[in-house]
1. Using a Cα-Cα cut-off of under 14 Å, which aspartates and glutamates could be cross-linked to B:LYS173, ignoring same-chain neighbours fewer than 8 residues away?
2. Excluding B:LEU236 itself, what net charge comes from residues whose Cβ is under 13 Å from its Cβ, given Lys and Arg +1 and Asp and Glu -1?
3. Give me the 1.4 Å probe accessible area per residue for region B:251-374, excluding ligands and nucleic acids, in Å².
4. Let me confirm one metric for peptide B:305-318, namely the mean number of other chain beta-carbon atoms within 10 Å of its residues' beta-carbons.
5. Based on the Cβ-Cβ distance of A:THR59 and B:ILE353, what FRET efficiency does E = 1/(1 + (r/R0)^6) give at R0 = 56 Å, to the nearest 0.05?
6. What is the set of long-range amide H partners of B:TRP41 at a cut-off below 5 Å, with H atoms built 1.01 Å from backbone N?
7. Please give the per residue accessible area of chain A, computed with a probe of 1.4 Å over protein heavy atoms only, in Å².
8. At a 1.4 Å probe radius, carbon and sulfur cover how many percent of the accessible area of region B:79-157?
Amino acid sequence: MTTTLPSHTAPAAAPRKPLRPGRVLMYALLVLAALFFLIPVYLLFATALKSPDAIAEATTWHWPSVLNWGSFRDAWAKIGGNVLNSVFLAVVATLFSALLGSLNGYALSKWKFRGANTLFALMLFGMFIPYQAVLIPLFQFIKSLGLYGSIWGLILAHVVYGLPITTLIFRNFYADVPDALIEAATIDGAGFWQIYGKVIFPISIPGFVVVIIWQFTQVWNEFLFAATLTNTNSQPVTYALSQLAGGQAVSWNLPMAGAILAALPTLLVYILLGRYFVRGLLAGSVKG
Amino acid sequence: MKGLSKDRLWSVAVLLPSVLLIAVFVYGFIARSVYVSMTDWGNDPAQALALDPVIRFIGLANYQDLFTGFLQGRFRQELVSTVFFTAFFILGCLGLGLGLALILDRNPRGEGLWRTIFLFPMSLSFIVTGTIWRWMLQPGGGVNQAPTLFGGQPSTFPWLSSTEAIWKFDWNKLPLLTASVVAVVLIVVAVRALRAGDRRRTLVAALCAALLLGWALFVAPNLKLLPAPEPHGFNLALIGIIIAAVWQMSGYTMALYLAGLRGIPEELREAAKVDGAGDLGMYRHVIFPLLAPISLSAMIVLGHISLKIFDLVYAMSGPDNINTSVPALNMYLTSFRQNQFALGAAIGTILLILVAFVIVPYLASQFRGEEGHA
């Protein structure tokens, strides 16, 4: 299922009719729903921008009279290193999983063999398992490799458990590439790698965009592996944020500013490349 | 392209590393987890982190402990919480997602902007969502202060710390309840099979239902899992977490439904109109039936997310709030805080079984059709 939302099938763009009661109700509902989704954002910024002594229960909803940008500096001092860990982790893990996924998808969709679908279904199961069911052996394994506490152990885990979804997205993407193209290339004497390099890879850019956005978001947002496989030096931002917000004595401007820092990269990706984000999202429900 | 050409060998060679990795990291590790869950590793704290711990095989004792042991009441409450959480989370996401998709399908102005607003929480991590909502649901926090915006008194509902539970039942009655529910389902299956004229299926289903009911009536009442009654129910502190989860994930169902709605050909709607269907009639008889498979897909994806959810709970009510805890969180704490690896592995295995119930039939149905002409 790699269809996007077809945008705007406006019925023949008639000149805007005067607002009927139905339309008014529709807009009222939309505004109501938007409030539900946006109010947390308002409170997030209002709290992050208050100075600690201005945070009081009675004035929760007030916009700060004096903007205190220092919260971000303080939050960065606490979790900035973790943000950088996350950047490194997400970039490296995403590139590896995208490359592997592309090769797998190509082999699975264009060089089908008997049992390919069963094999693929067995692979896909790995996408749905609760990681709690593999966590203890994974922890032992990473430890035995000497990678516990290093970000490379976390990268390994993300690449392996990302394989099912990246393979799925590329397999469905390549399924739309006509087989005739491959056959023509074989007749011209091209082999497995030439076809990949000259035919498949050059047209894969949209597939790569979808996979990279999807994996980047997933890896950035992940928490369980982050909490289990790393230590203080290598913890990604999700874990650091949970520690920052979990303490009792902390004033709330700090975790709120931290939450903004931790959310910004994936949020930017979503706002700038939302279309591809949705494609990855829909691909996650297997196929159409 | 028959036979073992060089290209085919390459395609196998390309797949091999991934297949091996999945074989080890998914299936190998699952097997290892199941084995660990049947040992006593970590049940004696002194041995847990020893370099060369003494580990004994003890069969299903850990599972028995989880379901009937005196000290594991937390786990049983978590199982019940997961069921309630999953039900309300799925209902909330489907309802809100469908509603939003139906509205957006009517082409309001600025559709792209609305869609962006409804979907953006999807790009956040559960930890970020949890941190924000934890703040909003503080006893004197944003949500409880909201009435003051309209001149009212602040509310005092303890969103994340309530200890009140509704719809309680005694854990001792679980076998009875389960048997009754399954029997009712089997009776429905039997009646349907009878109507469809499938005599064998009718007989089998009816027989199983009768056996279960008989067991429920005569054996189950004498069965005691625990020496004392142990009530479990839907803890009200979960409501806040469910709201936050719906806030994060309902954009996903909206996107699914919207894709589905946009995929319905215009001619079909026209035809229904020509046949005299009103707006309501068209939704009931044309559009909703076409969206049914999407609902099923969404339920399965949301269901498995919900069974595994724990970072949201961790971020919202902390790791030690028993009233809101879920098995996935308990597994992490049991294994990596208390170093009771065997017990943790048992919880992980139970989670896997729950998720497999949802996912395996789904994957099988998705790929069965294709394999025939592979």
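1. B:LYS173 reaches B:GLU230.
2. 0
3. Counting only protein heavy atoms, the per-residue value for region B:251-374 is 39 Å².
4. 3
5. 0.70
6. Residues meeting the amide H criterion: B:ARG56, B:ALA342.
7. Computed with neighbouring chains in place, this is 42 Å² per residue.
8. Carbon with sulfur: 70 percent of the solvent-accessible area.
The values are calculated or read from the model by the stated rules, or taken from the named source; none is laboratory data. Please read all numbers here as calculations on a predicted model, not as lab measurements. A quick note on method: Cβ atoms are made from the backbone with ideal geometry, for glycine too, and the neighbour counts reach across all protein chains shown. Keep in mind that these areas ignore ligands, DNA and RNA; they rest on the heavy atoms of the full protein, side chains included. Shrake-Rupley method; radii C 1.70, N 1.55, O 1.52, S 1.80 Å.
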